[in-house]
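The values are calculated or read from the model by the stated rules, or taken from the named source; none is laboratory data. Everything numeric here is computed off the predicted structure, so don't read it as measured data. Don't worry about glycine lacking a Cβ; one is built from the backbone with ideal geometry, like all the others, and counts go over all protein chains shown. For the accessible areas, the whole protein counts, side chains as well, though only heavy atoms, and no ligand, DNA or RNA atoms are used. Shrake-Rupley method; radii C 1.70, N 1.55, O 1.52, S 1.80 Å.
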Amino acid sequence: MTNTPDRTKSDRDRPWIFRTYAGHSTAAESNRLYRGNLAKGQTGLSIAFDLPTQTGYDSDHVLARGEVGKVGVPISHLGDMQALLDGIPLEKMNTSMTINATAAWLLALYVAAADAQGADRTKLTGTTQNDIIKEYLSRGTYVFPPEPSLKLTTDMIAWTCRELPKWNPVNVCSYHLQEAGATPVQELAFALANAIAILDSVKASGAIPEHEFPAAVGRISFFVNAGIRFVTEICKMRAFTELWDEITAERYGIEDPRYRRFRYGVQVNSLGLTEQQPENNVSRILLEMLAVTLSKDARARAVQLPAWNEALGLPRPWDQQWSLRMQQILAYETDLLEYGDIFEGSTVIAAKVDELKTAARAELQSVLDIGGAAAAVESGYMKRALVASNTERLEEIERGERTVVGVNAYTETEPSPLSTGTGAVLTVPEWVEREQVEKLKAWREDRDQMAVDAALKELSRAASEGRNVMDASVACARAGVTTGEWGWALRGVFGEFRAPTGVGRAARNDTEGLDDVRAEVDRVSKRLGRRLSFLVGKPGLDGHSNGAEQIAVRARDAGMDVVYDGIRLTPAEIVDAAKEGRVHAIGLSILSGSHVPLVAEVMERLKGAGIDDVPVVVGGIIPDEDAESLRASGVAAVYTPKDFRLNDIMGDIVRIIEEGIEKEVA
């Protein structure tokens, strides 16, 4: 028996690449996961890196505490990369790496590992996401300011065109824009604005000869999102295809239609996965996959599906297999790939596509009028728009205007046998971080320090002189440089950056259902003798700030004084801000699975600062047993994705603060 299905029709289209976004704990554990998935029929790799790797820190840095191996695999040096890819022939593998600020470094490690395998670089195929602009808007794994970050992107494009001609150096990523709340029009416009910023930067740099520029344009790919409104999503993908053809022809003068193709991969929507009745997510994932596969003229080149239980925690191999089998059944059991585009000639589809294109062109022009995507990031224009759209989406769910089955409608349910009991989701053991740090220290001790110092010096020199850093980065990889050392070398040249939060100071008066909460805030503020003050903090490296932003916005609209300084804060910085601001409550948002160690450190530091009477509430993807542990440690309340009614959370915070007053009086 073979894992490869028989092809009964010679004229069937080839299926897209099947991927599963995966990686956690250690390089060796992730390697076992990859090889297992490949044996089940997966046809490409999609590597998830942990947050220290994504943000250019070594596993023993203070900001890496609790984050090692949680949302992806830790890669601190070439040895880790080789362990991750052990036994996988890279010449034959199509590999996607979701990496942005440190994309040049991870590609350098990948190429060094491929070189060590004896692979022919010209045969390496795959993609580095490398869309830094959207990191300032959504995921938050940026490091450097926009201008030098775009320079690194340009370096990668120019270098791969020469060294890795089959590699896609950039995956312009609208996926995380939708996760941050983007409407279909915003997703189209902002992603295309990002692509224009990248290509304008490449063209202006002169790094690619004029006659080679069309081929470089042809190597730009996209990574999109597909939500549950799958008819609109089908039309969005067709609009993307037509708009990209238009932009590449008119703005860049690309004549060869091969280089104007909108080539994209996709992960379907994770924002819409629910903690309540999580088995419903199977239906959502399947419908969303149809949006990017049904239309042949706008079909994805690669698809990766989330697991049904990702709103609960880290999925098991069986959960990922279920998502892989969905793709295989659609590709091999149905007759989808035997037909041309089944929407060709549909006036309904054509009208919706035209509507989306018209609106997207207008929004794109607004961004270009500001000065382009980088300027729209620095001014906060795009971030404010995304926060506002996400606020509107959440309020529609709260009001029942947008139905989410199992959440705000049809909530009566039978107990699910799939999501209960021990082992329902994976957890990363505490020993993972200790082991990774120990191995990192051993790696540093065993290498040639003089070679490391020389390689880092050349990297800094290349960056400061404006030269392409890729050759120097590959040399660093071979010399044994670590991820943190590469990151600090470039921080020393480029500096660091903090993006606007998108949370304004002016309260809105049109938020429904807040009158009672506002009255309570006013009443308790009078008891306190000053306006109730609430600090929203994101400790650690988790950059998914949607929840924190929405809590901060709603608290502001409820009449609280809100302290929110954005992402990537140490527990010490959060406690210092709480003490300096004399806040009455602290809300911590942690979605990376690092809630237990990070909250423990915040609580410990509050006690050391003499302000452990300030109540702490915590939100995130938190299993029930962890929630119990947090409450036992003194946390006043724990919120998870099922707690979607933000006004109720605001009421809880006011009540918790007043209970503290009562204790003092007693």
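Here is a list of conditions, (1) surrounded by fewer than 21 Cβ atoms within 10 Å (Cβ to Cβ); (2) β-branched (Val, Ile, Thr); (3) touching a Gly at 6+ places or on another chain (Cβ under 8 Å), and Val303 meets all of them except one; can you say which number that is?
Exception for Val303: condition (1).
Give me the helices (runs of 4 or more DSSP H) completely within the stretch 450-536, filtered to those with at least 3 residues that are under 29 Å from the mean Cα position of the chain (by Cα), ordered by residue number. Can you show your working first?
Values: elements: 470-479, 483-494, 515-528.
In the stretch 450-536, the matching helices (runs of 4 or more DSSP H) lie at 470-479, 483-494.
Go through the stretch 461-494 and give me each residue that's hydroxyl-bearing (Ser, Thr, Tyr) and open to solvent by 10 Å² or more (accessible area, probe 1.4 Å). I'd like the intermediate steps shown before the answer.
To start, the set of residues in the stretch 461-494 that are hydroxyl-bearing (Ser, Thr, Tyr) comprises 464, 473, 482-483.
Within the stretch 461-494, Ser464 is the sole residue that qualifies.
Exactly one condition in (1) closer than 20 Å to Ser473 by Cβ; (2) without any contact (Cβ under 8 Å) to a residue 12 or more places away in the chain is not met by Gly118; state its number.
For Gly118, the exception is condition (1).
Rundown of residues vs (1) crowded, with 19+ Cβ neighbours inside 10 Å; (2) closer than 30 Å to Arg14 by Cβ; (3) touching a residue at least 40 places away in the same chain (Cβ under 8 Å), yes/no style:
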{"site": "Tyr34", "(1), (2), (3)": "yes, yes, yes"}
{"site": "Gly44", "(1), (2), (3)": "yes, yes, yes"}
{"site": "Phe49", "(1), (2), (3)": "yes, yes, yes"}
{"site": "Pro52", "(1), (2), (3)": "yes, no, yes"}
{"site": "Val62", "(1), (2), (3)": "no, no, yes"}
{"site": "Gly66", "(1), (2), (3)": "yes, no, yes"}
{"site": "Lys70", "(1), (2), (3)": "yes, no, yes"}
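Being within 27 Å of the chain's Cα centre (by Cα) and either assigned to a loop (DSSP other than H, G, I, E, B) or buried (at least 21 other Cβ atoms within 10 Å of the Cβ) (or both) is the requirement here; does Gln328 meet it?
Taking the combined requirement at face value, the residue does not satisfy it.
So which residues in the stretch 333-360 are buried (at least 17 other Cβ atoms within 10 Å of the Cβ) and either under 15 Å from Asp13 (Cα atoms) or among the charged types (D, E, K, R) (or both)?
Result: Leu336, Leu337, Lys352, Lys357.
For the stretch 601-650, name all the residues that are closer than 25 Å to Val521 by Cβ, open to solvent by 70 Å² or more (accessible area, probe 1.4 Å) and touching a residue at least 12 places away in the same chain (Cβ under 8 Å).
Passing the criteria: Asp612, Asp613, Lys642, Arg645.
If you scan the stretch 651-666, which residues turn out to be aliphatic (A, V, I, L, M) and surrounded by fewer than 17 Cβ atoms within 10 Å (Cβ to Cβ)? Working first, answer last.
Of the stretch 651-666, the ones aliphatic (A, V, I, L, M) are 653-654, 656-657, 661, 665-666.
Of everything in the stretch 651-666, those that are aliphatic (A, V, I, L, M) and surrounded by fewer than 17 Cβ atoms within 10 Å (Cβ to Cβ) turn out to be Ile656, Ile661, Val665, Ala666.
Scan the stretch 565-588 and report the pairs whose first residue is part of a helix (DSSP H, G or I) and whose second residue is exposed (fewer than 15 other Cβ atoms within 10 Å of the Cβ) and among the aliphatic types (A, V, I, L, M), with Cβ atoms within less than 9 Å and a gap of 6+ or a chain change.
Note: pairs meeting the criteria are Ala572/Val62; Val575/Ala609; Asp576/Ala609; Ala578/Ala609; Lys579/Ala609.
Which one is nearest to the chain's Cα centre (by Cα) among residues in the stretch 88-111 that are closer than 15 Å to Thr43 by Cα and not in a strand (DSSP E or B)?
The selected residue is Met93.
Could you tell me whether any residue of the stretch 73-84 is β-branched (Val, Ile, Thr), in contact with a His (Cβ under 8 Å, 6 or more places away or on another chain) and modelled with pLDDT of 95 or more?
yes
In a helix (DSSP H, G or I) and surrounded by fewer than 20 Cβ atoms within 10 Å (Cβ to Cβ): does that describe Gln321? Step through it out loud before you land on a result.
On the way: in a helix (DSSP H, G or I): yes; surrounded by fewer than 20 Cβ atoms within 10 Å (Cβ to Cβ): yes.
Judged against the criteria, Gln321 is a match.
Please state which one of Ile621, Ile661, Ile653, Ile657 is in contact with a His (Cβ under 8 Å, 6 or more places away or on another chain) and β-branched (Val, Ile, Thr).
Ile657
Determine if the stretch 72-95 includes at least one residue that is within 20 Å of His544 (Cβ to Cβ), touching a residue at least 60 places away in the same chain (Cβ under 8 Å) and open to solvent by 10 Å² or more (accessible area, probe 1.4 Å).
Scanning the stretch 72-95 turns up no residue that is within 20 Å of His544 (Cβ to Cβ), touching a residue at least 60 places away in the same chain (Cβ under 8 Å) and open to solvent by 10 Å² or more (accessible area, probe 1.4 Å).
Kindly indicate which of Leu337, Leu394 is at negative phi and modelled with pLDDT of 95 or more.
Leu337
Hey, can you tell me all the residues within the stretch 361-392 that are part of a helix (DSSP H, G or I), open to solvent by 50 Å² or more (accessible area, probe 1.4 Å) and not aliphatic (A, V, I, L, M)?
Arg361, Gln365, Asp369, Glu378, Tyr381, Arg384, Glu392
I'd like to check something: does the stretch 169-187 contain any residue that is aromatic (Phe, Trp, Tyr), without any contact (Cβ under 8 Å) to a residue 40 or more places away in the chain and farther than 23 Å from Ser379 by Cβ?
The answer is no, given that none of the residues of the stretch 169-187 is aromatic (Phe, Trp, Tyr), without any contact (Cβ under 8 Å) to a residue 40 or more places away in the chain and farther than 23 Å from Ser379 by Cβ.
If you check Ile657, Ile590, Ile574, Ile551, which single one turns out to be among the hydrophobic types (A, V, I, L, M, F, W, C), in contact with a Pro (Cβ under 8 Å, 6 or more places away or on another chain) and closer than 30 Å to Gly406 by Cα?
On the way: Ile657 fails: closer than 30 Å to Gly406 by Cα; Ile574 fails: closer than 30 Å to Gly406 by Cα; Ile551 fails: in contact with a Pro (Cβ under 8 Å, 6 or more places away or on another chain).
Just one listed residue meets the conditions, Ile590.
Can you find, within the stretch 144-181, the residue that is surrounded by the fewest Cβ atoms within 10 Å (Cβ to Cβ) among those that are among the small types (Gly, Ala, Ser) and under 20 Å from Ser473 (Cβ atoms)? Show your work before the answer.
Filtering the stretch 144-181 for residues among the small types (Gly, Ala, Ser) gives 149, 158, 174, 180-181.
Within this subset, residues satisfying the condition of being under 20 Å from Ser473 (Cβ atoms) are 149, 158.
Details: Ser149: 25, Ala158: 21.
The residue in question is Ala158.
Filter the stretch 210-235 down to residues that are in contact with a strand residue (DSSP E or B) (Cβ under 8 Å, 6 or more places away or on another chain) and closer than 18 Å to Asn194 by Cα and give me whichever is surrounded by the fewest Cβ atoms within 10 Å (Cβ to Cβ).
For the stretch 210-235, the residue satisfying everything is Arg219.
For Ser295, indicate whether it is among the hydroxyl-bearing types (Ser, Thr, Tyr), open to solvent by less than 20 Å² (accessible area, probe 1.4 Å) and out of contact with any Lys or Arg (no Cβ under 9 Å at 6 or more places or on another chain). Explain how you work it out, then say what you get.
Values: among the hydroxyl-bearing types (Ser, Thr, Tyr): yes; open to solvent by less than 20 Å² (accessible area, probe 1.4 Å): yes; out of contact with any Lys or Arg (no Cβ under 9 Å at 6 or more places or on another chain): no.
Spelling it out, it is not the case that Ser295 is among the hydroxyl-bearing types (Ser, Thr, Tyr), open to solvent by less than 20 Å² (accessible area, probe 1.4 Å) and out of contact with any Lys or Arg (no Cβ under 9 Å at 6 or more places or on another chain).
Pairs under 7 Å by beta carbon, first residue in contact (Cβ under 8 Å) with a residue 12 or more places away in the chain in the stretch 325-350, partner among the acidic types (Asp, Glu) and not in a loop (DSSP other than H, G, I, E, B), six or more apart or different chains?
Asp341/Asp297
Restricting attention to the stretch 257-271, report how many residues are in contact with a helix residue (DSSP H, G or I) (Cβ under 6 Å, 6 or more places away or on another chain), open to solvent by less than 60 Å² (accessible area, probe 1.4 Å) and not polar (S, T, N, Q).
4
Identify, please: which residue in the stretch 188-209 is in contact with a Lys or Arg (Cβ under 9 Å, 6 or more places away or on another chain) and over 20 Å from Thr128 (Cα atoms) and is, among those, surrounded by the fewest Cβ atoms within 10 Å (Cβ to Cβ)?
This residue is Ser205.
Is there any pair with a first residue in the stretch 282-306 that is under 20 Å from Gln321 (Cβ atoms) and among the β-branched types (Val, Ile, Thr) and a second that is open to solvent by less than 10 Å² (accessible area, probe 1.4 Å) and part of a helix (DSSP H, G or I) whose Cβ atoms are under 8 Å apart and which are 6 or more apart or on different chains, and what are they?
Within 8 Å, the pairs are Ile285/Ser323; Val303/Met289; Val303/Gln327.
Does the stretch 555-563 include one or more residues that are within 26 Å of Met603 (Cβ to Cβ), assigned to a strand (DSSP E or B) and of a type in the set (Asp, Glu)?
So far as the stretch 555-563 goes, yes, one or more of its residues are within 26 Å of Met603 (Cβ to Cβ), assigned to a strand (DSSP E or B) and of a type in the set (Asp, Glu).
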